[in-house]
Amino acid sequence: MSFWPLLLGLLAGAGSTWMLVRRGRAPGVAPGVSPHLLPDPALEWLRKAHQASGVWVAEMDPREGEPHAERVVDAERLSVAQIVAVDRRLERARDQEQSGAERMEGGTLVFHAAAGVAVGLLLPGGADAARLDAAESDLRRLADGVRRRPQIVQLAQANTQEASLESVGSVGLRLAYQLERMLDAQVVVAAFESGGDAPGEETASEGTVRVIGVSGRGDRRLLDSMLPADSDLARVARGETESLFMEGDPLGGVVPDRRHRPGAVLVLPLRAGELCV
């Protein structure tokens, strides 16, 4: 029988998140658009709401590392050359994580990029500051929804396959998703699988630690990764240490060349009484 204690890692700014909460954080991004509405009709609704010539989404596939783009445009207002120009600008914004507003031939491009996702709205020329601010706010929500879309798809698949019994993977994804919304931090959930028949057996130290959940802001390539035995996350999962507050990567470099390396990290086991659950 396998024993699965769940391990929770709050990555990239978890410590600072608690400080900000206690001091009264400034208003942040409102709840994002529902990811299952993307790309349509949400993109078309957004375009019409801002009377924009087009709306763009440019992202990198987290597993394949290949670029992926979606757009909804008013073909009567834009030429092919103008559309291609925005495509190229959004690609640069995605790669360099740029945000702002820029005058282009087809109008004013408002764009926002973070964590491998760039989104943009091409507004009519002469848009005032209030209109630009409103577009920027909606683009942040759109980017938030795009980042979470893979989680929603995976959760839906897990629920379909496990209609009567939720799988370990779906629990991990749901937990990572909810904690990210609550704490405004990247979240990784890992599980320790022991070969023993009961918790606390000596064989537990010989088990493996696998990543079962990654939040929308995290690196999706981490999912299903087996962590090195000497990584900080694996050590806490095996019960070798209670918890950690640290700087750096607690995952032992399991994914090479990670784009967003964590800063302050809080690693905690989830327990029921004295036992990891």
(message) Quick check on my filter: what residues within segment 246-260 are modelled with pLDDT under 80 and loosely packed, with under 13 Cβ neighbours inside 10 Å?
(response) 256, 257, 259
(message) Taking the conditions exactly as written (surrounded by 17 or more Cβ atoms within 10 Å (Cβ to Cβ), among the hydrophobic types (A, V, I, L, M, F, W, C) and at pLDDT below 80), does residue 168 satisfy them or not?
(response) yes
(request) Look at residue 230 and say whether it is surrounded by fewer than 17 Cβ atoms within 10 Å (Cβ to Cβ), part of a loop (DSSP other than H, G, I, E, B), modelled with pLDDT under 80 and not β-branched (Val, Ile, Thr). (result) no
(request) Residue by residue through segment 65-83, note down the ones that are within 16 Å of residue 55 (Cβ to Cβ) and either under 32 Å from the mean Cα position of the chain (by Cα) or of a type in the set (A, V, I, L, M, F, W, C) (or both). (result) 68, 69, 70, 71, 72, 73, 74, 75, 78, 82, 83
(message) So in segment 182-215, with the set limited to residues that are closer than 27 Å to residue 60 by Cα and touching an Asp or Glu at 6+ places or on another chain (Cβ under 6 Å), which one is modelled with the lowest pLDDT?
(response) 215
(request) Please state which one of 88, 103 is surrounded by fewer than 17 Cβ atoms within 10 Å (Cβ to Cβ) and not in a helix (DSSP H, G or I). (result) 103
(message) If residue 163 meets every condition in (1) outside any helix (DSSP H, G or I); (2) within 24 Å of the chain's Cα centre (by Cα); (3) modelled with pLDDT under 80 apart from one, which number is that one?
(response) (2)
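The values are calculated or read from the model by the stated rules, or taken from the named source; none is laboratory data. It should be emphasised that the depicted structure is a prediction, and the values quoted were computed from it without experimental measurement. Using ideal geometry, Cβ is built from the backbone for each residue, glycine included, and neighbour counts are taken over all protein chains shown.
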